[in-house]
Amino acid sequence: MTEGARRPMMAANWKMNKTITEAERYMAALLPRAANSGGVDVAVFTPFTCLGVAARMAENSEVLVGAQNFYFEDSGAFTGEVSAPLLLDIGVDAVVVGHSERREVFGETDEVVAKKAKRAVDAGMLPVICVGETKEERDSGGMWDKVSGQIKAVMDELGDADGNSVVFAYEPIWAIGTGDTASPEDAQEAIEQIRGLLRETRDDAFADSVRILYGGSVKPDNIAEIMAQEDVDGGLVGGASLEVESFEKLIEAADK
Ligand code: 13P
């Protein structure tokens, strides 16, 4: 597969925002607009409480509705957790795995993240697997140690899953919610390096087909130059995805 064959993806991560009423209003506005975004996969990752309604509304559309987290066991005594079968039951297609906020605030380890990625694939949900370094790690030259370790843990666990069954997102922690976006060149360099590692640890077919998104202060006014980078296949967007008008601009820019 050639580089140009990867279908761009624009993904909204609402994080801990929006009531069910707000989610309904957002989906009602997004769905007709997303119907014209033929060249881009559009995904919306909502809080658990909004998933049922968002998934029902998106049922006959191309828009993927995803959770922001789940647990890798299917059922049992895991108070407060939600499993893949429970998400599939309400029509959820995808899940964010290993977001830096899960890793940093809730202590998710590389091993847990890898198990979640594997379980999502086996259950038929698309995992968007997040990796990225802190400011201190970048400044001390430890960026690649951190990111490559995160990727290797996932690849060790994934077995022979193919490149279309997962998505990676490079989200440098220092660029998340700070307005301090990575330069397009920094995003390209990191994502090219990640793709190279996937080529080494797996093969050309996997590396050439897997989509790798950039996340961290993506906005309508910087998306074009980010999308113009050869290895960047789309965006995972927090703040600028919360208003439909702004998210729609990002979707249009990804239709490259
Ligand atoms: P912001 O777009 O708000 O920087 O958040 C990025 C992010 O963490 C998406 O998952």
From phi via Karplus (6.51, -1.76, 1.60), per-residue ³J(HN,Hα) for the stretch 174-185 in Hz, x at Gly/Pro: 5, 9, 7, x, 9, x, 9, 5, 4, 5, x, 5
Whole-percent carbon and sulfur share, accessible surface of the stretch 28-143, 1.4 Å: 51
Signed unit charges on C-beta, dipole axis of the stretch 22-121, positive-most listed residue Y71, S61, G91: S61
Unit charges at the beta carbon, dipole of the stretch 135-246: most positive-side option, G177, L198, A224: G177
Extreme residue, positive dipole direction of the stretch 140-181, given options F168, G142, L158 (C-beta unit charges): G142
Zone residues, the stretch 71-90, relative to I20, backbone N less than 16 Å from point 7 Å out along Cα-to-Cβ: 90
For the chain, alpha-carbon Rg and Dmax in angstrom: 16.8, 48
D208-R33 pseudo-label distance in nm [points 7 Å out on the Cα-to-Cβ vector]: 3.6
Gained length - E81 relative to W144, 0.36 nm times residue gap less alpha-carbon distance: 19.5 nm
Amide proton proximity set for A169, modelled H, under 5 Å, gap of 5+: I129, C130, V131, L213
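Using the Cα centre of the chain as the reference point, and only Cβ charges (+1 on K/R, -1 on D/E), how large is the resulting charge dipole? Debye, rounded to the nearest 20. Intermediate results must be reported in sequence, preceding the final value.
Numbers: 24 positive and 46 negative charges, 129 e Å.
Around 620 debye, computed over the chain.
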Solvent-accessible area per residue for the chain (1.4 angstrom probe, square angstrom): 44
Label zone at K135, where the point sits 7 Å out along the Cα-to-Cβ direction: the stretch 218-245 residues whose backbone N lies under 13 Å: none
Dimensionless Rg/Rh of the stretch 184-256 - Kirkwood Rh, Rg from C-alpha atoms: 1.02
Amide proton proximity set for D41, modelled H, under 5 Å, gap of 5+: M9, M10
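So if I place +1 on the C-beta of Lys and Arg and -1 on the C-beta of Asp and Glu, and nothing else carries charge, what would the dipole magnitude of the stretch 112-256 be about its Cα centre? I want it in debye, nearest 20.
Using only the charged Cβ atoms, the result is roughly 580 debye.
So what's the back-of-envelope 222 nm ellipticity for the chain, counting only DSSP H runs of four-plus at -39500 (n - 2.57) apiece and dividing by all residues, rounded to 500? Spell out each step's value before the answer.
Details: 11 runs with 113 residues, N = 256.
Value at 222 nm, helices only, nearest 500: -13000 deg cm²/dmol.
Pull out the extension gain between S246 and D89, defined as 0.36 nm times the separation in residues minus the alpha carbon to alpha carbon distance; nm, one decimal.
Numbers: separation 157, 0.36 × 157 = 56.52 nm, distance 3.07 nm.
Net length gain for the segment: 53.5 nm.
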Rg to Rh quotient for the stretch 18-112, alpha carbon positions, Kirkwood Rh: 1.00
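The values are calculated or read from the model by the stated rules, or taken from the named source; none is laboratory data. Quick caveat: nothing in here was measured; it's all calculated off a predicted structure. No Cβ is skipped: glycine too gets one built from the backbone with ideal geometry, and neighbour counts run over all protein chains shown. The protein model used for the area step is the full one, side chains on, heavy atoms only, and it has no ligands, DNA or RNA in it. Shrake-Rupley method; radii C 1.70, N 1.55, O 1.52, S 1.80 Å.
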